[in-house]
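**Q** What follows is a structure written as structure tokens; I'll ask about it next.
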Amino acid sequence: MYYRILRFDALWDTTQWITPAYVALDSKGLIAAVSTTPAYDQPAERIAGFALPGYHNAHSHAFQYAMAGLAEHLPTHALEDDFWTWREAMYRLALTVSPDAMEDIAAMLYAQMAACGYTSVAEFHYLHHDTNGHPYDNKAEMGQRLIAAASRAGIKITLIPTFYQRGGFGKPAQPQQRRFVSASVEDFFDLLESSRTAVSSADHARLGVAVHSLRAATTEDTRTIFSQADPTLIRHIHAAEQQKEVDDCLAHLGERPVAWLLRHLPLDARYHLIHATHILDDEARALAQSGAHVVLCPSTEGNLGDGFFPLRTFMEAGGRWSIGTDSHIGIDLCEELRWMDYVQRLRRQKRNRLCIHADQDSGQIALQHAIQNGRAANGHTAPPFAIGQPLDAVVYDAHHPLLAAAPSERRLSTIVYASDACARLGTLVNGQWIVHHRQHRHQDALRTAFLRTLRSLQA
Ligand SMILES: [Zn+2]
């Protein structure tokens, strides 16, 4: 006998549809069996839905959710706006966020992510210190709050403490960056160890390591951190998001950022480069061949006016990418995927640009990259729905008219290109509904705390 058996109309494990799908669980929500036929004569809980592996968000700065939608007007007397002016507003926000506020903002954000089908988030975390720039008594205080927020929201977190020290190439950190800055590499490794302790006492948390970017650290420190950090940790770094960053890097280091990373770091599948927007075709191909992944953040990159990533060149060379929601101006994975694909279509005036070979399906390719590589970016190595793994899934409504009508071989593209929030039945984590019928199980409490926090920040 199993603890529970769930029966889905179908389940997609990123390689095939299992129709119908009986998923047997143990008491912890771990998968004991997956089959098309019922096990024993045990009754199954019937779910009229199509289950996909829970989405893994590959890049988040949770506190920035507090300003989503609030920076979409031109500042007084300004005639234009760009990434760098947005960044000043983000710094002002960062100086106001207390540990309590961080937890309330992140818990609401993560619950909204769960409503979009995410069951794990990679939190690229650099808001380490108090408002004076001094370490908290517990060096990992803010990371601990992010872990607590994920617990309140019911999702999993990969905490990625991030080294940050410089205010630009060859420039000291600015006063408004003081909460991000580690005094030294040794101090950062202390913070990383405190973060490891925080993570190890939480079942839903794991650890990664990051350097913010080549503009926020010296090349020597960047190399030291990645060479001395635990080799099993996933490694993240922002790269080449803005043309100015590439120009400054060329002037200061004599190389473009991604070219520098390719030449000076042992890039492999543990490395996840965030954005990599402004890269040459040769860099895109070399990056693909290195095995390193790219994390694309289409709604944030569009919102900030970053530029265009050469996706087709990267994919033709076998490059792997995942999706992050970064500033959280958008958090719906399918919206991210549509943005990413439609930019490619608009630029070339062609369709189905994700398909490298004939008879491929855009939705399938998009979801395979987002899910499989999103898992890698979160440090999850087991394949989805494997025996012994937790049942973490996003479930689409089998009664939705387009999903009910779509043949199974077109169902994934119907999900990606033609569905919205109404098509989602809910999200399961460890076999439990965290979100059901668009309602998070702790929605009211999370919302109340979030609104209280936002009002005090805005005051
Ligand atoms: Zn970022």
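The values are calculated or read from the model by the stated rules, or taken from the named source; none is laboratory data. If you're wondering where the values come from, they're calculated on a predicted model, not measured in any experiment. Cβ sites come from the backbone with ideal geometry, for glycine too, and all protein chains shown count toward neighbours. Remember, those area values only see protein heavy atoms, side chains included, never the ligands or the DNA or RNA. Shrake-Rupley method; radii C 1.70, N 1.55, O 1.52, S 1.80 Å.
**Q** Tally up the residues in region 13-60 that are open to solvent by 10 Å² or more (accessible area, probe 1.4 Å) and free of Cβ contacts under 8 Å to residues at least 24 places away in the same chain, please.
**A** 9
**Q** Follow-up. Give the residues of region 185-210 that are open to solvent by less than 30 Å² (accessible area, probe 1.4 Å) and assigned to a loop (DSSP other than H, G, I, E, B), sorted by residue number.
**A** Initial filter on region 185-210 (open to solvent by less than 30 Å² (accessible area, probe 1.4 Å)): 185, 188, 191-192, 195, 198-199, 202, 205, 207-210.
Of everything in region 185-210, just one residue is open to solvent by less than 30 Å² (accessible area, probe 1.4 Å) and assigned to a loop (DSSP other than H, G, I, E, B), namely A202.
**Q** When residues of region 156-184 are filtered for being of a type outside the set (K, R), open to solvent by 10 Å² or more (accessible area, probe 1.4 Å) and assigned to a loop (DSSP other than H, G, I, E, B), how many remain?
**A** Of the residues in that region, 8 qualify.
**Q** Follow-up. Assess whether G379 counts as being within 30 Å of K156 (Cα to Cα), assigned to a loop (DSSP other than H, G, I, E, B) and open to solvent by less than 30 Å² (accessible area, probe 1.4 Å). Spell out the reasoning first.
**A** On the way: within 30 Å of K156 (Cα to Cα): yes; assigned to a loop (DSSP other than H, G, I, E, B): yes; open to solvent by less than 30 Å² (accessible area, probe 1.4 Å): yes.
Yes: the conditions hold for G379.
**Q** Would you point out which residue out of E245, E241 is touching an Asp or Glu at 6+ places or on another chain (Cβ under 6 Å), within 16 Å of the ligand (Cβ to nearest atom) and under 12 Å from H275 (Cβ atoms)?
**A** E241
**Q** Shifting gears a bit: Taking region 218-247 on its own, how many of its residues are charged (D, E, K, R) and either without any contact (Cβ under 8 Å) to a residue 12 or more places away in the chain or assigned to a helix (DSSP H, G or I) (or both)?
**A** At the first step, the residues of region 218-247 found to be charged (D, E, K, R) are 220-221, 223, 230, 235, 241, 244-245, 247.
If we keep only those that are either without any contact (Cβ under 8 Å) to a residue 12 or more places away in the chain or assigned to a helix (DSSP H, G or I) (or both) too, we end up with 220-221, 223, 244-245, 247.
Selection size over region 218-247: 6.
**Q** While we're on this one: If L95 satisfies every condition in (1) within 16 Å of the ligand (Cβ to nearest atom); (2) open to solvent by 40 Å² or more (accessible area, probe 1.4 Å) but one, which is the exception?
**A** (1)
**Q** Among the residues that make up region 284-295, is at least one of them open to solvent by less than 40 Å² (accessible area, probe 1.4 Å) and in contact (Cβ under 8 Å) with a residue 40 or more places away in the chain? Even if it seems obvious, please write down each step before you answer.
**A** So the first thing to find is which residues in region 284-295 are open to solvent by less than 40 Å² (accessible area, probe 1.4 Å), and the list is 284, 286-288, 290-295.
From the residues that got through so far, the ones that are in contact (Cβ under 8 Å) with a residue 40 or more places away in the chain too are 293, 295.
Yes, because at least one residue in region 284-295 is open to solvent by less than 40 Å² (accessible area, probe 1.4 Å) and in contact (Cβ under 8 Å) with a residue 40 or more places away in the chain.
**Q** Tell me whether region 329-343 contains one or more residues that are open to solvent by 50 Å² or more (accessible area, probe 1.4 Å), part of a loop (DSSP other than H, G, I, E, B) and within 16 Å of the ligand (Cβ to nearest atom).
**A** Yes.
**Q** Out of all the residues in region 346-376, which are open to solvent by 30 Å² or more (accessible area, probe 1.4 Å) and charged (D, E, K, R)?
**A** Within region 346-376, R347, R348, K350, R351, R353, D359 meet the criteria.
**Q** Then there is this: Which one is nearest to A421 (Cα to Cα) among residues in region 106-162 that are aromatic (F, W, Y) and within 16 Å of the ligand (Cβ to nearest atom)?
**A** We begin by selecting, within region 106-162, every residue aromatic (F, W, Y); these are 110, 118, 124, 126, 136.
Subset that is within 16 Å of the ligand (Cβ to nearest atom): 124, 126.
Details: F124: 26, Y126: 31 Å.
The extreme case among them is F124.
**Q** For region 287-298, does any single residue satisfy the condition of being within 14 Å of the ligand (Cβ to nearest atom) and assigned to a helix (DSSP H, G or I)? Can you show your working first?
**A** Our first condition is that a residue be within 14 Å of the ligand (Cβ to nearest atom); within region 287-298, this holds for 294-298.
Now restrict to residues that are assigned to a helix (DSSP H, G or I): 298.
Yes, region 287-298 has at least one match.
Yes/no matrix, rows are residues, columns are (1) among the charged types (D, E, K, R); (2) within 23 Å of A122 (Cα to Cα):
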{"site": "H369", "(1), (2)": "no, yes"}
{"site": "A382", "(1), (2)": "no, yes"}
{"site": "L391", "(1), (2)": "no, yes"}
{"site": "A405", "(1), (2)": "no, no"}
{"site": "V429", "(1), (2)": "no, yes"}
{"site": "D444", "(1), (2)": "yes, no"}
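**Q** What pairs come out if I take residues in region 89-105 that are more than 17 Å from G133 (Cβ to Cβ) and pair them with residues that are open to solvent by 20 Å² or more (accessible area, probe 1.4 Å) and modelled with pLDDT under 95 whose C-beta lies under 6 Å away, six or more apart or interchain?
**A** Here the result reads A89/A71, each pair linking region 89-105 to a residue that is open to solvent by 20 Å² or more (accessible area, probe 1.4 Å) and modelled with pLDDT under 95.
**Q** Taking the conditions exactly as written (within 28 Å of L273 (Cβ to Cβ), without any contact (Cβ under 8 Å) to a residue 24 or more places away in the chain and either touching a His at 6+ places or on another chain (Cβ under 9 Å) or not in a strand (DSSP E or B) (or both)), does A404 satisfy them or not?
**A** Taking the combined requirement at face value, the residue does not satisfy it.
**Q** Identify, please: which residue in region 56-92 is small (G, A, S) and at negative phi and is, among those, nearest to the ligand (Cβ to nearest atom)?
**A** Taking region 56-92 as the starting set, the residues that turn out to be small (G, A, S) are 58, 60, 62, 66, 68-69, 71, 78, 89.
So of that shortlist, the ones also at negative phi come out as 58, 60, 62, 66, 68, 71, 78, 89.
On the way: A58: 10, S60: 8, A62: 11, A66: 15, A68: 14, A71: 15, A78: 24, A89: 15 Å.
Once the filter is applied, the top-ranked residue is S60.
**Q** Kindly list, by first and then second residue, each pair from a residue in region 205-217 that is farther than 17 Å from R178 by Cβ to a residue that is of a type in the set (S, T, Y), limited to pairs with Cβ atoms under 6 Å and residues at least 6 apart or on different chains.
**A** R206/T158; G208/T158; A210/T162; V211/T222
**Q** Could you list, in sequence order, the residues of region 167-181 that are under 27 Å from the mean Cα position of the chain (by Cα) and within 17 Å of H134 (Cα to Cα)? Don't jump to the end; show me each part of the working.
**A** From region 167-181, those under 27 Å from the mean Cα position of the chain (by Cα) are 167-169, 173, 176-181; that's our starting set.
A173, Q176, Q177, R178, R179, F180, V181 - these are the residues of region 167-181 that are under 27 Å from the mean Cα position of the chain (by Cα) and within 17 Å of H134 (Cα to Cα).
**Q** Which one is nearest to the ligand (Cβ to nearest atom) among residues in region 301-316 that are closer than 21 Å to Q364 by Cβ and open to solvent by 30 Å² or more (accessible area, probe 1.4 Å)?
**A** Only one residue tops the list, namely R312.
**Q** Give R348, R455, R353 a once-over and let me know the one that is without any contact (Cβ under 8 Å) to a residue 40 or more places away in the chain, within 25 Å of E301 (Cα to Cα) and of a type outside the set (S, T, Y). Please lay out each step first, then the result.
**A** Working: R455 fails: within 25 Å of E301 (Cα to Cα); R353 fails: without any contact (Cβ under 8 Å) to a residue 40 or more places away in the chain.
Being without any contact (Cβ under 8 Å) to a residue 40 or more places away in the chain, within 25 Å of E301 (Cα to Cα) and of a type outside the set (S, T, Y) holds for just one of R348, R455, R353, which is R348.
**Q** With the checklist (1) in contact (Cβ under 8 Å) with a residue 40 or more places away in the chain; (2) surrounded by fewer than 22 Cβ atoms within 10 Å (Cβ to Cβ) in hand, flag the one item L74 doesn't pass.
**A** (1)
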